[in-house]
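Asker: Quick one: structure below, then a few questions.
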Amino acid sequence: MYYGLKIGPSKKGGIFMKLRRLTSLLLVGALVIGTLASCGSQQTESTDTGSDTPVATDIDYANFTIDPSNIPQEKLDTTLYVATSVRGLENPYIVTITEGMDEFCKYLDSIGQKYEKQVLDSGGSNDVEIDNMKQFAAKANGNAIAYADPNEAAIAPSLAEAMASSGGYIGTAWNKPDDAMPQDYDPNWAIHTSADNVTNGKAMAKALFDNMGGKGKVFVIEGMLGNTASIDRVKGFEQALKEYPDIEVAHQDTGNWATDEALTLVETWLNDTPDVGGIWCANDNMATGALQALDKKDLKGKVGVTGIDANTDIVEAVKDGTVVATVSSNGYLQSGYTLAICYAAWAGLIDPAQLPDEYRVFLTPAVIVSADNVDAYIAEYVEAVPEMDFSKIFECKAN
């Protein structure tokens with residue numbers, strides 16, 4: 001199951017920012033139509049991106065492919081610093097993010113690009129994540145690209161500013177303020193992506209409610225309160241709840257994405273609500289904690305559970321019937337292709353400032369994993385790393 005596109009308006013600083021934002025809103029339809037009309041054609045009018053390579057201003061981005069012969073030898077011989085900025089490597093989904101970087105670096109090997117790679121682990125601290133990015137960007141002196149999952153939405157602009165100050169390129173995922181856009185830091189904040197969290201949260205809620213026969217009590221475990229992904233997934237849950245009048249929320253609180261916190265919540269809640277029929281979790285780490293609590297009460301497999309992220313243990317639980325469903329956002333794809341887009345910008349093959357708005361903020365594909373498709377999913381994503389062609393940089397964009 002795949003989800004579509006979300007387009008955000010442009011934004012700049014001061015009076016000019018407001019004028020450009022208004023102009024962008026008025027002309028966005030014309031931009032999209034113009035882009036579609038130009039598919040298949042390329043012009044070679046040069047745009048200044050700090051590279052000697054001319055950048056086309058009229059490009060079929062949907063089919064854009066990196067041609068290594070167009071990358072200046074000087075760039076290939078320059079050490080490029082490559083990073084992923086994440087919170088905590090104990091989360092299996094985040095591990096796939098770092099593995100996506102590894103897969104992208106194999107592509108760099110194939111085209112002869114010199115590089116060094118690094119995982120920037122914030123441990124869930126906003127200050128650490130910002131400081132990590134500042135240090136990484138500064139040492140690279142403009143020769144840096146990074147994928148970042150901001151710990152909270154509020155720090156996304158700070159991460160972009162850290163990279164912009166040195167001249168490198170960053171792509172963010174999941175979390176940013178509604179009024180902050182990549183266009184605020186042209187061209188260095190290249191893109192922002194996310195799966196459709198509202199849709200995913202709603203889909204998991206409906207799967208859970210249907211598993212309960214459309215009635216009964218549920219527990220709701222949210223992620224971090226300042227995290228965009230959690231906020232939107234809960235919105236999706238609330239949308240589904242309106243469609244099921246016989247579902248009652250018995251308890252709701254934040255588990256901060258953590259297994260142990262979710263375990264404690266569910267253990268406590270079961271003391272006064274042992275007849276719960278389902279547990280909706282905003283991610284799979286917390287679903288694991290919920291399963292552990294249920295297991296202690298001999299309720300595992302008797303109470304439905306849903307999560308999001310398609311962690312390996314939860315996918316296996318879908319297969320054995322103790323979890324109703326989860327959602328895969330394909331961390332390999334998210335980080336690998338984000339880095340590929342940033343690389344194309346650094347190499348001078350594209351200019352992010354010239355990209356249409358729908359190629360600056362967009363959705364990436366997501367797959368619902370349930371009993372119906374779990375075997376096929378395991379074969380493609382658990383037992384192997386999915387095949388990805390990083391030369392086709394916008395293959396990460398949902399249709």
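Asker: If you go through region 302-317 one residue at a time, how many are farther than 28 Å from Glu395 by Cα, buried (at least 24 other Cβ atoms within 10 Å of the Cβ) and of a type in the set (A, V, I, L, M, F, W, C)?
Answerer: Total meeting the criteria: 2.
Asker: Check Trp269, Trp257 and return the single one that is over 29 Å from the mean Cα position of the chain (by Cα) and surrounded by 21 or more Cβ atoms within 10 Å (Cβ to Cβ).
Answerer: Selected residue: Trp269, the only one of Trp269, Trp257 that is over 29 Å from the mean Cα position of the chain (by Cα) and surrounded by 21 or more Cβ atoms within 10 Å (Cβ to Cβ).
Each row is one residue, and each column tells you yes or no for (1) assigned by TED's automatic domain parsing to the domain that holds Ile97; (2) over 23 Å from the mean Cα position of the chain (by Cα); (3) under 24 Å from Glu222 (Cα atoms).
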position	(1), (2), (3)
Asn285	no, no, yes
Gln292	no, yes, yes
Lys297	no, yes, yes
Gly301	no, yes, yes
Gly304	no, yes, yes
Ile314	no, no, yes
Asp320	no, yes, no
Cys342	yes, no, no
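Asker: Restricted to region 234-248, and to residues that are touching a helix residue (DSSP H, G or I) at 6+ places or on another chain (Cβ under 6 Å) and not in a helix (DSSP H, G or I), which residue is surrounded by the most Cβ atoms within 10 Å (Cβ to Cβ)?
Answerer: Residue satisfying both the conditions and the ranking: Ile247.
Asker: Could you grab me the full set of residues in region 272-300 that are part of a loop (DSSP other than H, G, I, E, B), buried (at least 22 other Cβ atoms within 10 Å of the Cβ) and of a type in the set (S, T, N, Q)?
Answerer: Asn283
Asker: Still on this structure, please answer the following. So, Gly226, is that one surrounded by fewer than 19 Cβ atoms within 10 Å (Cβ to Cβ), under 17 Å from the mean Cα position of the chain (by Cα) and under 25 Å from Glu90 (Cα atoms) or not?
Answerer: yes
Asker: Scan region 365-399 for residues that are crowded, with 22+ Cβ neighbours inside 10 Å and not aliphatic (A, V, I, L, M) and jot them down.
Answerer: Within region 365-399, Phe390, Cys396 qualify.
Asker: Looking only at region 351-358, decide whether some residue is in a loop (DSSP other than H, G, I, E, B), surrounded by 18 or more Cβ atoms within 10 Å (Cβ to Cβ) and at pLDDT 95 or above.
Answerer: Taking every residue of region 351-358 in turn, at least one turns out to be in a loop (DSSP other than H, G, I, E, B), surrounded by 18 or more Cβ atoms within 10 Å (Cβ to Cβ) and at pLDDT 95 or above.
Residue by residue, here is whether (1) in contact (Cβ under 8 Å) with a residue 12 or more places away in the chain; (2) of a type in the set (Asp, Glu); (3) surrounded by fewer than 16 Cβ atoms within 10 Å (Cβ to Cβ) holds:
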{"residue": "Lys106", "(1), (2), (3)": "no, no, yes"}
{"residue": "Ser122", "(1), (2), (3)": "yes, no, no"}
{"residue": "Asn141", "(1), (2), (3)": "yes, no, yes"}
{"residue": "Ala144", "(1), (2), (3)": "yes, no, no"}
{"residue": "Tyr147", "(1), (2), (3)": "yes, no, no"}
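Asker: Taking the condition in a helix (DSSP H, G or I) and either modelled with pLDDT under 95 or of a type in the set (Phe, Trp, Tyr) (or both), does Ala229 pass?
Answerer: Criteria met by Ala229.
Asker: Can you tell me which of Pro352, Pro365, Pro356 is in contact with a helix residue (DSSP H, G or I) (Cβ under 7 Å, 6 or more places away or on another chain) and under 22 Å from Phe104 (Cα atoms)?
Answerer: Pro352
Asker: Right, next: Kindly indicate which of Ser158, Ser122 is over 30 Å from Val305 (Cα atoms) and at pLDDT 95 or above.
Answerer: Ser158
Asker: To continue, here is another question. Please indicate, with yes or no, whether at least one residue in region 62-84 is of a type outside the set (D, E, K, R), modelled with pLDDT of 95 or more and under 16 Å from the mean Cα position of the chain (by Cα).
Answerer: So far as region 62-84 goes, yes, one or more of its residues are of a type outside the set (D, E, K, R), modelled with pLDDT of 95 or more and under 16 Å from the mean Cα position of the chain (by Cα).
Asker: Within region 319-345, work out how many residues are assigned to a helix (DSSP H, G or I) and either of a type in the set (Ser, Thr, Tyr) or surrounded by fewer than 24 Cβ atoms within 10 Å (Cβ to Cβ) (or both).
Answerer: 8
The values are calculated or read from the model by the stated rules, or taken from the named source; none is laboratory data. What you see is a predicted model; the values in this text were computed from it and never measured. Note that each Cβ is placed from the backbone with ideal geometry, even for glycine, and that neighbours are counted across all protein chains shown.
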